[in-house]
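Read the structure below first, then the notes.
The values are calculated or read from the model by the stated rules, or taken from the named source; none is laboratory data. All values reported here derive from a predicted model rather than from experimental measurement. Backbone-built Cβ (ideal geometry, glycine too); neighbour counts: all protein chains shown.
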Amino acid sequence: MPATARDADGVLRLYRAQVGREFCFWDDDYPGPDTIGTDLEKGNLFVMKTAVGEIVAAVSAEEDPDVERLDCWTPSLRPGGEFARLAVSPAFQNRGLARRMVRHILETLKKRGYRSVHILVNRENVTAIRSYAHIGFRTVGECFMYHQHFFCYEKPL
């Protein structure tokens, strides 16, 4: 479901719960309130909640011009959207929530007119690499951005 301004604190808590976990390269500054605010303002933040309203997963649909400028993307699959900041509460891991969030964001991007999805995955994040390959993303390149080495993944919509 689309997030609202009332969800901002819960999303921030979810993001902070990721810091220090294996393969997570976030810190106390990123992603933070400004990132959440921008995602909310643009209608790009989506959350999953429990029956009592606890936010247990979040993901953002976005357009990142720096990512789109990479030369690895398939020209016939443009325009490409991107999703980022996929997070699942540690207490709700291994229940398929991340996969459900990815499916939702793929449908959202398709409805917005994108022909493909582009994501960057840290080269050391073997869990994400396996997951994205399992749902049909393919590696199309590598890059160094945001102080990290990434694999560039693409999936037609």
Log entry, pairs with first residue in segment 126-142 being touching a residue at least 24 places away in the same chain (Cβ under 8 Å) and among the β-branched types (Val, Ile, Thr), second being loosely packed, with under 13 Cβ neighbours inside 10 Å and not in a helix (DSSP H, G or I), beta carbons closer than 9 Å, six or more apart or on different chains, reads Thr127/Glu22
Within segment 143-157, the residues that are without any contact (Cβ under 8 Å) to a residue 60 or more places away in the chain and out of contact with any helix residue (DSSP H, G or I) (no Cβ under 8 Å at 6 or more places or on another chain) are Phe144, Tyr146, His147, His149, Phe150
In segment 119-134, anything closer than 22 Å to Arg69 by Cα and of a type in the set (S, T, N, Q) is listed as Asn122
Those residues of segment 17-59 which are surrounded by 12 or more Cβ atoms within 10 Å (Cβ to Cβ), small (Gly, Ala, Ser) and either modelled with pLDDT under 95 or in contact with a Leu (Cβ under 8 Å, 6 or more places away or on another chain) (or both) amount to Gly32, Ala57, Ala58
